[in-house]
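Working notes, structure below.
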Amino acid sequence: MGAETFAGLFAEDPGKNTFGGPNANLAALWESFWPKGDPLLLWAADHGGGGDFSRGIAPWWFLWRRDAAPSGDRPPLDPAVLFRDAGHAVLQSPRLWVALQGGWIPDSSIHKNFDLGSFVLVADGARRVPDPGYGKKGAELHSVLVLPGKDGTPREQVAGARGRYLALDAGDRWRYAAVDLSAAYGDAVPRWVRHVLLLGDDTAVILDQVALAQAGPAELRVQLASEARLEGQRALVAGDPPLSVDVLGATPELVATPRALALRLDPSRAEHLAVTVLRVGAPGPTPTLRQGKKGLTLSTAAGKLELVQRGGAYVPAKLGREKLSPGDPAARSLERPGGKRRRR
């Protein structure tokens, strides 16, 4: 998920992105398995990069590309989709997209980054909340829950830990994903559920429900593309476009570090609710959060969002006058094709 990973995804000239964009070889292979073909995979096969580290030209595209006419313009992308095998959810609107890492921590020393639960926010094509990508192992380098370890360094996430998606859906003015990340720190964190919403075309909301095994220090990190200036519980991040970050809920302290925000949770409590509102463009009115008997009401410049509790977790129920009923993530998972590979 680093800034250079698969750079050139939206390239019009694949010759300029030999190793960027989607993997043309694999896209050609996967597309050949679809009974009626897939226009997006076919486009990726024709516009993606080589994705091969050998010297010279790999033969795989020529062997796997189905005998079909060249692809046309890129087909529209789904506003909310879950890549189930990878564990990544992608939410997008015309201006924003969010990638959420809800998959797993590999039980391997090669790609073991402690980034379960991390997210990337892109606005107008620019990464405003980045991720350092491979080779940056520590949890404090990713936008995740961070706990102190015994030696004073951040605690490592559990190798092999997996997230479990609870919901994924989209409407005209909203996109939503929820993932249970309670396995990230084993017994130290019995509950961590992260909700990610896109509201309108300029606002992203991250809602974290955290229950620690015992009260103590913990923080939620948000990585930034540039340094932030604090104004109380609001951080202003310069850039193009500018970004404002408001922190609500039981989070007593917001701290700015170089290229990151730390939302320090109350060390006297074991259960926490933290809401982070990220808005691109000029800062709007300060968001408000009201907790009632039935749930939460979050008021932002993008509208009033109501959430109700079901089974201990919050679920979006209404945005303005629109009733929300998020669906099963399986309905928006990219399905596995069936049958044998087709050549024509």
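Taking the conditions (1) surrounded by fewer than 19 Cβ atoms within 10 Å (Cβ to Cβ); (2) under 22 Å from residue 131 (Cβ atoms); (3) not aromatic (Phe, Trp, Tyr) in turn, residue 250 satisfies each one other than (2).
Which is surrounded by fewer than 17 Cβ atoms within 10 Å (Cβ to Cβ) and either touching a Ser or Thr at 6+ places or on another chain (Cβ under 9 Å) or in a strand (DSSP E or B) (or both), of 133, 117? Checking each option against the conditions leaves just 133. Kindly establish whether residue 213 is within 21 Å of the chain's Cα centre (by Cα), part of a loop (DSSP other than H, G, I, E, B) and either surrounded by fewer than 20 Cβ atoms within 10 Å (Cβ to Cβ) or touching a residue at least 24 places away in the same chain (Cβ under 8 Å) (or both). Spelling it out, it is not the case that residue 213 is within 21 Å of the chain's Cα centre (by Cα), part of a loop (DSSP other than H, G, I, E, B) and either surrounded by fewer than 20 Cβ atoms within 10 Å (Cβ to Cβ) or touching a residue at least 24 places away in the same chain (Cβ under 8 Å) (or both). Condition test on residue 273, is it surrounded by fewer than 23 Cβ atoms within 10 Å (Cβ to Cβ), in contact with a Phe, Trp or Tyr (Cβ under 9 Å, 6 or more places away or on another chain) and either farther than 17 Å from residue 305 by Cβ or at pLDDT below 95 (or both)? Yes: the conditions hold for residue 273. Within the range 233-247, the residues that satisfy the criterion of being open to solvent by 10 Å² or more (accessible area, probe 1.4 Å) and either within 15 Å of residue 147 (Cα to Cα) or small (Gly, Ala, Ser) (or both) are 238, 239. Among residues of the range 255-282 that are within 26 Å of residue 123 (Cβ to Cβ) and free of Cβ contacts under 8 Å to residues at least 24 places away in the same chain, none has a Cβ under 6 angstrom from a residue that is open to solvent by 50 Å² or more (accessible area, probe 1.4 Å) and in a loop (DSSP other than H, G, I, E, B) at a sequence gap of 6+ or on a separate chain. Within the range 58-71, the only residue that satisfies the criterion of being in a loop (DSSP other than H, G, I, E, B), open to solvent by 60 Å² or more (accessible area, probe 1.4 Å) and touching a helix residue (DSSP H, G or I) at 6+ places or on another chain (Cβ under 8 Å) is 70. Can we say residue 146 is in contact with a helix residue (DSSP H, G or I) (Cβ under 7 Å, 6 or more places away or on another chain), over 23 Å from residue 306 (Cα atoms) and of a type outside the set (S, T, N, Q)? It is true that residue 146 is in contact with a helix residue (DSSP H, G or I) (Cβ under 7 Å, 6 or more places away or on another chain), over 23 Å from residue 306 (Cα atoms) and of a type outside the set (S, T, N, Q). For residue 74, state whether it is under 14 Å from the mean Cα position of the chain (by Cα), among the basic types (Lys, Arg) and open to solvent by 10 Å² or more (accessible area, probe 1.4 Å). For residue 74, the condition - under 14 Å from the mean Cα position of the chain (by Cα), among the basic types (Lys, Arg) and open to solvent by 10 Å² or more (accessible area, probe 1.4 Å) - is not met. Looking at the range 79-92, is at least one residue open to solvent by 70 Å² or more (accessible area, probe 1.4 Å) and at pLDDT 90 or above? Within the range 79-92 (the criterion being open to solvent by 70 Å² or more (accessible area, probe 1.4 Å) and at pLDDT 90 or above), the answer is no, since none of the residues qualifies. Scanning the range 316-327 for residues that are of a type in the set (A, V, I, L, M) and under 16 Å from residue 198 (Cβ atoms) yields 319, 324.
Of all residues in the range 287-305, those being modelled with pLDDT under 95 and not in a strand (DSSP E or B) number 5. Give all pairs with beta carbons closer than 7 Å in which a residue from the range 283-297 that is surrounded by 15 or more Cβ atoms within 10 Å (Cβ to Cβ) meets a residue that is of a type in the set (Phe, Trp, Tyr); count only pairs at least 6 apart in sequence or on separate chains. If the second residue must be of a type in the set (Phe, Trp, Tyr), the pairs left are 295/314; 296/314.
When residues in the range 176-195 are screened for being surrounded by 24 or more Cβ atoms within 10 Å (Cβ to Cβ), part of a strand (DSSP E or B) and either free of Cβ contacts under 8 Å to residues at least 40 places away in the same chain or under 14 Å from the mean Cα position of the chain (by Cα) (or both), 5 of them pass.
The values are calculated or read from the model by the stated rules, or taken from the named source; none is laboratory data. Computed from a predicted model, the values in this text were never measured in an experiment. Cβ sites come from the backbone with ideal geometry, for glycine too, and all protein chains shown count toward neighbours. Each accessible area value is taken on the protein alone, full model and side chains, heavy atoms only, with ligands, DNA and RNA left out. Shrake-Rupley method; radii C 1.70, N 1.55, O 1.52, S 1.80 Å.
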